[in-house]
Amino acid sequence: MTLPPRCSTRAPIASAGLGPVLIRPRVHHRAQPPSKLKTTTSLRALRCYLATFLGRYASAWLTGVLHSTQETHLACGLHTLNLPNSRKILFQSVDGQTNSPILAPQSKLLTRNADRSMVENKMKPRQNQARDEAASRLRDILRRNRELSRGGTYAVCSAHKAVIDAAIQQALEDGTLLHIESTSSQVNQFGGYTGSTPQQFADDIRKAAQRAGLPEGRVLLGGDHLGPFPWRSEPSTVALTKAQALVRDCVVAGYQKIHLDASMACADDAKAGITEETVAERAAILCRSAEDASLELPHGTPPIYVIGTEVPTPGGESADGESPRVTSPEHVNRTLEIFRYAFERLGLSSAWARVIALVVQPGVDFGSNTIFNYDPNKARSLCSALSKHPTIVFEAHSTDYQSSAALTQMVEEHFAILKVGPWLTYAYREAVLALGAIEHELFRQTGLRQLSNVRHALESVMQRDPSQWKAYYQGSEDEVRRDLIYGFSDRCRYYWNQPLVEEEVARLLENLRQQSIPITLISQYLPLEYEAIRAGALDPTPEQIIQYHVRRVLRVYADACAAA
């Protein structure tokens, strides 16, 4: 397919017949009351003009005006456009024709030649400086990976408190970036399955990191699969509108890394799926929402982006026996070109420069009882495609359960961002159920206290609400019952925050705190933790045992991503 030529921000100006424009300070008087005037084609031309004169700051904001339900106001013969930090842009209107933009800041006039970045950096609050530092650290890691073929980052895609605490401790021990991501199903403006909004999730992560002594400059928050996926059963316009609101909320909450994922078809899309062009167009619309939202932050750095059309289903999990097909190098080149064009059509060239990674399928995945291992021979041609794109790395999803050697090789071949999620809560479940067995050995004969039954609680809530696992498990009743708890797909991770399950876990931990756990029982049920206790590297408390078990998985990723 032949793509149209690159967009130009200058062509619309000429077609709109705009002559030389003066920028000068002017006092703005609020009209009482303002009347409304719908956005016109003239303002599109002005957006292009602002891209030249004022850069991303004003242009991206005005783009949001043009492509949202907002209206501009006619006040004293002027279009009044409110910018953040008390700045306003006034456009004189004569016979309906908009011209002569006037910049009326209350602090400092920004002209065509002003060093905007220097002015803003002096004004940055400490919090935003820390968040900028985290994003800068990530970009440095990815740049080194392209230059040296070593070093990467792993993204912890989990909202479970025990997993988050383990990840914080691992980052502290390694002196590395804490990279946490929430998916659009986990965390969204309606609460997701965790019950948290983006702001609540971000606050919880930062508070936990602060309590542990991890500097905020080493905390990177990302939004994973941000797009219409949670609302894919609704019409595309409705789903995309909700996705735009989610992206905006994530950026305002301080998420620095945004995965734009519009690859899932919605209710009114063709049954055969949507084209790559449609995926890219919708992703660009989401990107525009992110750019607009970044302007609401007090001098914050705009987000960095991850894109792709060949994106695994959120949470991973292929059907057992169906090995995933590796992305072709032709697909890589085509996807990047289609997305570049979609971004430029919406005036998002500056955002395109902040696209850091492409999601591809390297041939890794897992099912309820199957793990598809990384095969470097099958992925060789895919890896070669990056030679044409020196600023891009691959982001690999569903890398759970891969071997340490495989993950290390993936990082060396520029899969510099590794996603892990289900394996971490899988490890959490292993430790909790093992401790449950120890509890029963300790107390079942005494009758002095009520014993916990975490497995029964999990099964109960999963049977009561099968929405999170029904489509993933097939087979006999016994096979499904086994997979509910033990399957690699780890669908029980969606139910740990249910009150009944939380109550049983709390009872388990409380019971085990009442006496020292015999080392013989730890050897029987948790042999790896037994070795760590014997070596003096682990305290035999239930909380520390659980964290150690989760960190076993994190260490595999930390070692694979180490720069040395």
**Hits in the stretch 500-550 - residues which are outside any helix (DSSP H, G or I), more than 12 Å from Leu442 (Cβ to Cβ) and among the charged types (D, E, K, R)** = Asp539
**Asked** Do you know which residues across the stretch 280-295 are over 15 Å from Ala342 (Cα atoms) and surrounded by fewer than 24 Cβ atoms within 10 Å (Cβ to Cβ)?
**Response** Asp292, Ser294, Leu295
**Only one of Tyr494, Tyr486, Tyr548 that is touching a helix residue (DSSP H, G or I) at 6+ places or on another chain (Cβ under 9 Å), farther than 18 Å from Gln463 by Cβ, in the same structural domain as Glu430 (by TED's automatic domain parsing) and aromatic (Phe, Trp, Tyr)** = Tyr548
**Prompt:** Can you tell me which residue in the stretch 355-383 is modelled with the lowest pLDDT, limited to those that are touching a helix residue (DSSP H, G or I) at 6+ places or on another chain (Cβ under 6 Å) and hydroxyl-bearing (Ser, Thr, Tyr)?
**Reply:** Ser368
**Item:** Residue ID - nearest to Arg131 (Cα to Cα), chosen from residues in the stretch 184-208 that are buried (at least 18 other Cβ atoms within 10 Å of the Cβ) and more than 15 Å from the chain's Cα centre (by Cα)
**Value:** Arg206
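Tally the residues that are farther than 15 Å from Pro198 by Cβ and not acidic (Asp, Glu), restricting the search to the stretch 212-245. Steps first, answer last, please.
Step one: of the stretch 212-245, the residues farther than 15 Å from Pro198 by Cβ are 212-218, 228-229, 231-241.
Still in the running and not acidic (Asp, Glu): 212-215, 217-218, 228-229, 231-233, 235-241.
Residues in the stretch 212-245 being farther than 15 Å from Pro198 by Cβ and not acidic (Asp, Glu): 18 in total.
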**Request:** Return the residue satisfying two criteria in turn: it lies in the stretch 380-416 and is buried (at least 20 other Cβ atoms within 10 Å of the Cβ) and hydroxyl-bearing (Ser, Thr, Tyr), and of such residues it is farthest from Val364 (Cα to Cα).
**Result:** Tyr401
**Request:** Please name all residue pairs, on different chains or six or more residues apart, with Cβ atoms under 9 Å, provided the first residue is in the stretch 255-274 and is within 10 Å of Ser233 (Cα to Cα) and in the same structural domain as Pro235 (by TED's automatic domain parsing) and the second residue is of a type in the set (Asp, Glu) and at pLDDT 95 or above.
**Result:** Cys266/Glu234; Ala267/Glu234; Asp268/Glu234
**Asked** Which of the residues that make up the stretch 417-426 are among the aliphatic types (A, V, I, L, M) and part of a helix (DSSP H, G or I)?
**Response** Leu424
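Yes/no matrix, rows are residues, columns are (1) touching a Pro at 6+ places or on another chain (Cβ under 6 Å); (2) among the charged types (D, E, K, R); (3) part of a helix (DSSP H, G or I):
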site: Tyr428; (1), (2), (3): no, no, yes
site: Leu435; (1), (2), (3): yes, no, yes
site: Ile438; (1), (2), (3): no, no, yes
site: Ser452; (1), (2), (3): no, no, no
site: Val480; (1), (2), (3): no, no, yes
site: Tyr494; (1), (2), (3): no, no, yes
**Fill in**
Across (1) crowded, with 22+ Cβ neighbours inside 10 Å; (2) without any contact (Cβ under 8 Å) to a residue 12 or more places away in the chain, Glu529 clears everything bar (2)
**Prompt:** If you go through the stretch 185-224, how many residues are among the hydroxyl-bearing types (Ser, Thr, Tyr) and free of Cβ contacts under 8 Å to residues at least 60 places away in the same chain?
**Reply:** 2
**Asked** Restricting attention to the stretch 173-212, which residues are of a type in the set (Gly, Ala, Ser) and either within 21 Å of Trp496 (Cα to Cα) or in contact with a helix residue (DSSP H, G or I) (Cβ under 8 Å, 6 or more places away or on another chain) (or both)?
**Response** Ser182, Ser184, Ser185, Gly191, Gly192, Gly195, Ser196, Ala202, Ala208, Ala209, Ala212
**Failed criterion for Arg493 (all others in (1) farther than 24 Å from Val556 by Cα; (2) basic (Lys, Arg); (3) crowded, with 23+ Cβ neighbours inside 10 Å hold)** = (1)
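The values are calculated or read from the model by the stated rules, or taken from the named source; none is laboratory data. Just so you know, these numbers come straight off a predicted model, no measurement behind them. Because the Cβ atoms are built from the backbone with ideal geometry, glycine has one as well, and the counts that use them run over all protein chains shown.
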